[in-house]
Every structure is written in C-alpha cells, then in structure tokens.
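*Asks:* Here's a structure for you.
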Amino acid sequence: MQDLFNGARYLFKGFSLIHQKGIRRFAYIPMAINTLLFSFAIWLGFNKFEQWMNNLMPTWLPEWLLGWIMWIIWPLFAGLLTLIVFFSFSIIANLLAAPFNGVLAEAVESKLLGQRPTGMPWKQIIKETPLMLWNELRKIGYFLLWIIPLFILSWVPIVNFIAPLLWIILSSWMLAIDYHDYPMANHQLKFPQQRALLRKKRSLALGFGLATLGATMIPFINFLVIPAAVAGATALYLEKLKQL
C-alpha cells in the first residue's frame, strides 16, 4: 500500500517538474497534442455517451429486473465506458507525441542530475521518429493482447460486473509501462527488460499508473498528463528503478 502511494506521488512530482525552467519548452508540444485530442474526446463523450450507454445495457435481462438493478449496473458501465474512451485516446496521444517524449525525458533527467538541458534537438527528433513510432506500435500490439480478451469479457453476463475493476488495474499497469518506456529507452533498455524491471516494483508502478489514469479523466488536468507522466516516470526510474 505504501508503494502505491509512493508511485502516485511521482506523478505529482512530474506536474511540478514540467513547469521548471529548462524543461517547460520540451513539454509544450506533447501538451498541445494532448489538449487537442482530449478536447475532441470530451466533445465526443458529451455527444455520444447516452447512445453508447444504451448499447452497453444488457438486453438479456427482463425489463422489471433491469429497472430494479439499474442503479447498480449504470455506474459500472458508465465507468467502463469512460475508461475505454480515455484509455484509447491516451494511446493515440502517446503515439503522436512519442518523438518528443524521449527528448522530454532526457531534459528531465539532465535537470534532476544537476545538468543544464540543451535546446530542442530537431535533427535528433526527425532522425529518431521512425524508431519511436515503431516502438509505440510494438507497445500497442502488446496492450492489445490484454485489451481484446478483457473487452470480450466485458460483454459476458455476470463477469461484466467486475470488468471496470479489471480495466482499472490493466490500464494502470499499461500506463506505467508506456510512460517508463521513454526514460528507460534512453538508457538502451529493450521492451522486455523494461517490463521485467517494472515487475520488480509492481506496486510502485501500479500506483504511478493509477494516479496517471485518474488524472487522465479530470477535465483540463488531462491536458497536462502526457508531459507530467513522462517527467514523473523519469524521476521514478532514476530514484527507484535504475539501481535494481
């Protein structure tokens, strides 16, 4: 439990880091990408939420029984729908921001180690963009191995009652993996090595991911989540994981 809170604390540290001199300019582009995408997600949610909820409601229940337990089912499915929408947009936002997140992680590490971050290395960003995008696609492939079975289970009667909790756990773990990729990749750690390292401090990683997931679903705060999570994951890696 203590590790869960300690992991969450690093996201708050990330929010403070991205506003510090020498780091702010590296956070602007991921922040702009996140703002545009989540503004669209919020607009889409407001316009389609009721329709999606009606589609998710189980039609196999008798009308009288559905009305009686609606007060239980509706919040569960509302939570599930919100998780799916915001997690999906997080994946897209990270895919678009990937070339800049690695540079942001480098800048945060330099700041934490007492060095002065350099200017925005555009040549490095352009050169590494194909590799970063390929790396993001590999992560998405790994995530789909878990997301697809869970999505199917979400439609199975009885089992779907615990689906929101499973989505929260899975989303937290995946967000932890996603954002720690940037500082770890800067230290030449491959994707399997990253996962193995995070498993050694699973509660710490889940706490960080859970806080990130919560912040992702708070309007306006979610505009800052990508750079804050990259900064927080970099700090967590340097202070808790690098020496393992």
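The values are calculated or read from the model by the stated rules, or taken from the named source; none is laboratory data. From a predicted model like this one, the values you see are computed outputs, not experimental measurements. Ideal geometry is used to build each Cβ from the backbone, glycine not excepted, and the neighbour counts take in all protein chains shown. Just the protein is used for accessible areas: all its heavy atoms, side chains included, with ligands, DNA and RNA removed. Shrake-Rupley method; radii C 1.70, N 1.55, O 1.52, S 1.80 Å.
*Asks:* Using a 1.4 angstrom probe with every protein chain in place, what is the largest-first accessible-area order of Lys200, Lys21?
*Replies:* On the way: Lys200 135, Lys21 160 Å².
Accessible-area ranking of Lys200, Lys21, largest first: Lys21, Lys200.
*Asks:* Additional query: Using r as the Cβ-Cβ distance of Phe161 and Leu44, and R0 as 41 Å, what FRET efficiency do you calculate, to the nearest 0.05? Present the calculation step by step, with values, prior to reporting the outcome.
*Replies:* On the way: r = 26 Å, r/R0 = 0.64.
The pair Phe161/Leu44 has a calculated efficiency of 0.95.
*Asks:* Something else: Residue separation times 0.36 nm, minus the C-alpha to C-alpha distance between Ala196 and Leu95: what's the value?
*Replies:* Details: separation 101, 0.36 × 101 = 36.36 nm, distance 2.26 nm.
Result: 34.1 nm gained on full extension.
*Asks:* Any idea of the accessible area per residue across region 174-218, 1.4 Å probe, to the nearest Å²?
*Replies:* On the way: 1630 Å² over 45 residues.
Counting only protein heavy atoms, the per-residue value for region 174-218 is 36 Å².
*Asks:* Oh, and also: Heavy atoms only, 1.4 Å probe, whole protein assembly: order His187, His19 by accessible area, highest first. The partial results should precede the final answer.
*Replies:* Details: His187 55, His19 100 Å².
Putting His187, His19 in descending order of accessible area: His19, His187.
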